[in-house]
Amino acid sequence: MDPPASNVPSVGDAPTTPRRLGQKVVCGWCRAEVPVPPRGRVPKWCSSSCRHRAWEQRRAADAGLAAVEVVDRVVEVVKVEKVVEERRVQVPVPRSPRSARGGLTC
């Protein structure tokens, strides 16, 4: 027996998520931001090379192989240091205040 027609979801009843202009998702391989198009599938990868690398890693993991090759490299880094020179100057301070007229108060 068929279920009642009111309980069967139709194409128009399918849940949809409205897309806003400027929405972005993260690439599954390199974590770069990927813009979401207004229609169509939501992308998983930012480029075909990221998609291919993810496929290679899945294939190697399924075969029980190491998917990542570790390479040691020597890298020179230039370190920039900012040197700040501090000077302290002593300013003479009068011992007794002067009056508003410019004379000394006694």
Going by the structure shown, is VAL26 on the phi < 0 side of the Ramachandran plot, among the β-branched types (Val, Ile, Thr), at pLDDT 85 or above and out of contact with any His (no Cβ under 6 Å at 6 or more places or on another chain)? yes
What's the total number of residues in region 55-72 that are at pLDDT 70 or above and in a loop (DSSP other than H, G, I, E, B)? 2
Region 30-52 residues that are within 21 Å of ARG19 (Cβ to Cβ), paired with ones that are among the basic types (Lys, Arg) and in a loop (DSSP other than H, G, I, E, B) (beta carbon under 9 Å, 6 or more apart): VAL34/LYS44; VAL36/ARG19; VAL36/ARG20; PRO37/ARG19; PRO38/ARG19; ARG39/ARG19; VAL42/ARG19
With respect to LEU21, is the statement that it is touching a helix residue (DSSP H, G or I) at 6+ places or on another chain (Cβ under 9 Å) and surrounded by fewer than 11 Cβ atoms within 10 Å (Cβ to Cβ) true? no
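Okay, residues lined up against (1) in a loop (DSSP other than H, G, I, E, B); (2) modelled with pLDDT of 70 or more:
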| site | (1), (2) |
| --- | --- |
| ASP2 | yes, no |
| ARG20 | yes, yes |
| CYS30 | yes, yes |
| GLY40 | yes, yes |
| SER49 | no, yes |
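The values are calculated or read from the model by the stated rules, or taken from the named source; none is laboratory data. The structure presented is a predicted model; accordingly, all values stated were derived computationally and were not measured. Backbone-built Cβ (ideal geometry, glycine too); neighbour counts: all protein chains shown.
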